[in-house]
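S.K.: Please find one structure pasted underneath; my questions will follow.
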Amino acid sequence: MRPVDRENMIYTTKLGCPIDMEEKVMFDLLKEYCPKGSKVLDIGCGVNWYLSILENIGVSKYIGIDPDVKSIEYAKIMTKNVNLDAKVSVNSVENINCKADTILMLHSNHHLDNQLSMFEKFECQNIILDSWEFQKDINLNDILNHFRTLNFQCIQKKLYNYKPNGINGYRYILHLEKNS
């Protein structure tokens, strides 16, 4: 393991890739809630930040969407380097079938015009999303209450200190699970 910077804890994955505290939180969540053989829909996938972790976990199918053409160009290259059925496309959540075992929605909430109505499209057992960029007029309790009306419960809520561009802040990573 690399020397640890006490301010920004650095960990190393089984694959030998250094990861920061946020990625460590995500690695643990993905490992626990994206079971082997599952299908994952990554809304706002960017350049496929979590694809190698999902491959390592044993996810069988990965679909990533993002509205950014350049991100998807790079993401397509990344999909060629993994041993799982992975497809990415330039698209938005409004235009797709949101059906998977687990839906990831990380760093992407701010791209939605109406978050609460978009969440109603989700057909899945698990949702992993973050709170950093919820719409300004929606707070965390509004999101959790809305998911309760959709028959989801918040299983895990991890809070960590987040310092984008040196600004102190806090961020939640939420795991929501469909009630049986």
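S.K.: Restricting the search to the range 85-99, which residues are surrounded by fewer than 17 Cβ atoms within 10 Å (Cβ to Cβ) and assigned to a loop (DSSP other than H, G, I, E, B)? Break it down into steps so the answer makes sense when it comes.
M.R.: So in the range 85-99, the residues surrounded by fewer than 17 Cβ atoms within 10 Å (Cβ to Cβ) come out as 85, 87, 89-92, 94-97, 99.
Once the filter is applied, which keeps residues that are surrounded by fewer than 17 Cβ atoms within 10 Å (Cβ to Cβ) and assigned to a loop (DSSP other than H, G, I, E, B), the range 85-99 yields Asn91, Ser92, Ile96, Asn97.
S.K.: Take the conditions of a type outside the set (Gly, Ala, Ser) and without any contact (Cβ under 8 Å) to a residue 24 or more places away in the chain and apply them to Asp68. Does it pass?
M.R.: Details: of a type outside the set (Gly, Ala, Ser): yes; without any contact (Cβ under 8 Å) to a residue 24 or more places away in the chain: yes.
Criteria met by Asp68.
S.K.: Go through the range 46-59 and give me each residue that's modelled with pLDDT under 90 and either touching an Asp or Glu at 6+ places or on another chain (Cβ under 9 Å) or of a type in the set (Gly, Ala, Ser) (or both).
M.R.: Across the range 46-59, the qualifying residues are Gly46, Val47, Asn48, Trp49, Tyr50, Leu51, Ser52, Ile53.
S.K.: Assuming Leu84 fulfils every condition listed in (1) touching a Phe, Trp or Tyr at 6+ places or on another chain (Cβ under 8 Å); (2) closer than 23 Å to Phe152 by Cα apart from one, which condition is it?
M.R.: Leu84 satisfies all of (1) touching a Phe, Trp or Tyr at 6+ places or on another chain (Cβ under 8 Å); (2) closer than 23 Å to Phe152 by Cα except (2).
S.K.: Do we find that Asn81 is part of a loop (DSSP other than H, G, I, E, B), of a type outside the set (D, E, K, R), more than 19 Å from Leu129 (Cβ to Cβ) and at pLDDT 85 or above in this structure? Reasoning before the result, please.
M.R.: Details: part of a loop (DSSP other than H, G, I, E, B): yes; of a type outside the set (D, E, K, R): yes; more than 19 Å from Leu129 (Cβ to Cβ): yes; at pLDDT 85 or above: yes.
Yes, satisfied.
S.K.: Additional query: I'd like the full set of residues that are surrounded by 20 or more Cβ atoms within 10 Å (Cβ to Cβ) and either assigned to a strand (DSSP E or B) or among the hydroxyl-bearing types (Ser, Thr, Tyr) (or both), limited to the range 40-78.
M.R.: Listed by number, the residues that qualify are Val40, Leu41, Asp42, Ile43, Tyr50, Tyr62, Ile63, Gly64, Ile65, Asp66.
S.K.: Still on this model: Can you list residue pairs whose Cβ atoms sit under 9 Å apart, with the first residue in the range 75-88 being in contact (Cβ under 8 Å) with a residue 40 or more places away in the chain and the second being part of a loop (DSSP other than H, G, I, E, B) and of a type outside the set (Lys, Arg)? Count only pairs 6 or more apart in sequence or on different chains.
M.R.: Filtered contacts from the range 75-88: Val88/Cys45; Val88/Asn48.
S.K.: Given the conditions (1) assigned to a helix (DSSP H, G or I); (2) at pLDDT below 85; (3) not aromatic (Phe, Trp, Tyr), report the number of the one that Asp113 does not fulfil.
M.R.: (1)
S.K.: Please verify whether the range 62-78 includes one or more residues that are touching a helix residue (DSSP H, G or I) at 6+ places or on another chain (Cβ under 8 Å), of a type in the set (A, V, I, L, M, F, W, C) and closer than 22 Å to Phe152 by Cβ.
M.R.: The answer is yes, given that some residue of the range 62-78 is touching a helix residue (DSSP H, G or I) at 6+ places or on another chain (Cβ under 8 Å), of a type in the set (A, V, I, L, M, F, W, C) and closer than 22 Å to Phe152 by Cβ.
S.K.: What do you reckon, is Ile127 in contact with a Ser or Thr (Cβ under 9 Å, 6 or more places away or on another chain) and in a strand (DSSP E or B)?
M.R.: Details: in contact with a Ser or Thr (Cβ under 9 Å, 6 or more places away or on another chain): yes; in a strand (DSSP E or B): yes.
In short, yes.
S.K.: Somewhere in the range 158-173, is a residue at pLDDT below 70, under 23 Å from Cys124 (Cα atoms) and basic (Lys, Arg)?
M.R.: Within the range 158-173, the subset at pLDDT below 70 is 158-172.
Applying the additional criterion that residues be under 23 Å from Cys124 (Cα atoms) yields 158, 172.
The next check asks that each one be basic (Lys, Arg); those that pass are 158.
Yes, there is a match, as at least one residue in the range 158-173 is at pLDDT below 70, under 23 Å from Cys124 (Cα atoms) and basic (Lys, Arg).
The values are calculated or read from the model by the stated rules, or taken from the named source; none is laboratory data. The structure presented is a predicted model; accordingly, all values stated were derived computationally and were not measured. Heads up, the Cβs are rebuilt from the backbone with ideal geometry, glycines too, and the neighbour counts pull from every protein chain shown.
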